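**Student:** Just dropping this structure here.
We did not get these values from a lab; they are worked out from the coordinates using the rules stated. Being a predicted model, the structure only gives us computed values, none of them experimental. Cβ placement follows ideal geometry from the backbone for every residue including glycine, while neighbour counts extend to all protein chains displayed.
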Amino acid sequence: MPKPKILTYIDAGTFDGTSRVMRAIAQQLLPAAYEIRAVMAGDIKDDAALFDDTVLFVMPGGADLPFCEALNGAPNQRIRRFVEEGGRYLGICAGAYYACRELAFHAGTDGAICGARELRFVDAVAVGSLPQLTGGVSYDATPRSAAAAEIRTTDRLTAAPVTLYAHYHGGCRFDLGDATSDVAQILAVYTGIEGAPPAIVSSRVGNGSAILTGVHLEMSERECKDALCGHSDMAAHMHVCHKLAETGKARLEVFRQLLVHAGLTLR
């Protein structure tokens, strides 16, 4: 009997921490219960059996435009069909931008990346980055544009609201417009931004669902420190790791609840 599969995309555009995402998920699962596999764009294009027995497709952080270049057209159609037929999609940071109806990244600037996207799992505009969380610094791929963002869960994710710090680095908020309903659910909000906009959302997609998060719940204090190792100004950014440590247990529990929401069986 084949094991259910969890696929994580690792091709162009994904960030150095993709292996961390896979490891963080694996650590929460029942031993040997799932096959965890890294996949490339070519696998999605050419492997006819790729989605057989797959329960979750993970699109991690990184950069959205290379995703578009590699997956627009038939590969995105395969991903969408997998979800519509009962699968789950977990989009983290860039993977969340990529799965919205539209994104507006640094709109109005010379480096703006804006426009419609094919998957359209959530009827929302993904808006970022969010300098309100980083002391006014827009995303620039350096630690100075990272933060420990305070978020609060809703009863769609946890039995009672939980407030915690989660690692943030260039992610989005979700402008749902009038789409907030049983179809588009808000799982957590940014408490540090006026109006407390959505930070994590989910949506039904046919018989399946998509879960999108603008923050990195998979990232612990220790992994934050590891990511900073080697930076000449490491000490200037350790405050982010210290904030994550303040609510480390809550972060892990909310991450686990997110995986349960994605249909996984945990240890």
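**Student:** Just to be sure I understand, how many residues within the range 23-63 are over 25 Å from L264 (Cβ atoms) and either acidic (D, E) or part of a helix (DSSP H, G or I) (or both)?
**Tutor:** 3
**Student:** Where residues in the range 181-233 are among the hydroxyl-bearing types (S, T, Y) and not in a strand (DSSP E or B), which of them is farthest from R251 (Cα to Cα)?
**Tutor:** S232
**Student:** Looking only at the range 197-222, count how many residues are under 21 Å from T163 (Cα atoms) and touching a strand residue (DSSP E or B) at 6+ places or on another chain (Cβ under 8 Å).
**Tutor:** Selection size over the range 197-222: 15.
**Student:** A further question on this structure: Please go through the range 16-27 and give me each residue that is surrounded by fewer than 18 Cβ atoms within 10 Å (Cβ to Cβ) and not charged (D, E, K, R), ordered by number.
**Tutor:** S19, A26, Q27
**Student:** Between S209, S232, which is of a type in the set (S, T, N, Q) and free of Cβ contacts under 8 Å to residues at least 40 places away in the same chain?
**Tutor:** So the residue among S209, S232 that is of a type in the set (S, T, N, Q) and free of Cβ contacts under 8 Å to residues at least 40 places away in the same chain is S232.
**Student:** Applying the selection to the range 97-150, what residues are within 18 Å of the chain's Cα centre (by Cα), in a strand (DSSP E or B) and not aliphatic (A, V, I, L, M)?
**Tutor:** C100, R101, E102, F105, D123, G128, E150 - these are the residues of the range 97-150 that are within 18 Å of the chain's Cα centre (by Cα), in a strand (DSSP E or B) and not aliphatic (A, V, I, L, M).
**Student:** Looking only at the range 31-86, filter to residues that are surrounded by 16 or more Cβ atoms within 10 Å (Cβ to Cβ) and charged (D, E, K, R); which one of those is nearest to F105 (Cα to Cα)?
**Tutor:** Applying the filter and picking the extreme gives D64.
**Student:** Could you list, ordered by first residue, the pairs with Cβ atoms under 8 Å in which the first is in the range 241-267 and in contact (Cβ under 8 Å) with a residue 24 or more places away in the chain and among the aromatic types (F, W, Y) and the second is buried (at least 16 other Cβ atoms within 10 Å of the Cβ) and outside any helix (DSSP H, G or I), at least 6 apart or interchain?
**Tutor:** Close Cβ pairs (under 8 Å, with a partner that is buried (at least 16 other Cβ atoms within 10 Å of the Cβ) and outside any helix (DSSP H, G or I)) amount to F255/Q28; F255/L217; F255/E218.
**Student:** Of the residues A149, A141, which is out of contact with any helix residue (DSSP H, G or I) (no Cβ under 9 Å at 6 or more places or on another chain) and not charged (D, E, K, R)?
**Tutor:** A141
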